[in-house]
Amino acid sequence: MKNLFLIIALIFCTSTLVAQDVEPGVERKGFVIGIGVGVGTISMANSNDEVPFDEGQGGLSLPNLKLGWMVHDRLAILAAFPGMVYEHEGIDRSFEAFVPSVQYWLNDQWWINGGFGLAMDVPAFYEFDALDDADWNFGCALALSAGYEFVQRKNFTIDFQTKLHLGRVYWDNDEYRDAAVFTVGVGFNWY
């Protein structure tokens, strides 16, 4: 946990140093790629009472990716990939989503993003031993986010962002797991 706080402090200190020389006038056009890292909380609940899992957990928010295309200088059509790692029965799992979304800049620095797509409850990407034997569950997801670009260069921005990711995944026997994920973090974006 101490390492996590050290990493976050390092990211914010580095971002603050970079932000001191802000040059407005980012040119948003063409292909968009964004990578984010953050921390947050996840709360889950199962449909059956035999496997209660309604505790909240805090942790690292991975992966947070977005890929897409700028329609014009304030509107992008994206494929967003929000996610968060959590622990269940001694194994790290990831509650993720593939969400086609729309991102709109309210002004030169503030943006909002939202979409609806596929929820996934899968083993964390680094749990190699669990990848073959673990459950892979799918369902529906809703993702909403907002951000503020505090560093802007011609084709690059760094932003503070917050995300709300809601989802429901299903098992074979009509049981399901609901999850709500709230995260804050830093995003790095190229246009």
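Rule-based calculations on the coordinates, nothing more; no lab input. If you're wondering where the values come from, they're calculated on a predicted model, not measured in any experiment. Positions of Cβ are backbone-derived with ideal geometry, glycine not excepted, and every protein chain shown enters the neighbour counts.
Listed peptides 165-173, 141-149, 84-92 appear in the order 141-149, 165-173, 84-92 once ranked by packing, highest mean of other Cβ atoms within 10 Å at the front.
For the stretch 103-174, the convex hull drawn through the C-alpha positions has a volume of 117 cubic angstrom per residue. Summarising the amide proton neighbourhood of residue 86: residues at separation of 5 or more, or on other chains, whose placed amide H is nearer than 5 Å comprise 93, 94, 95.
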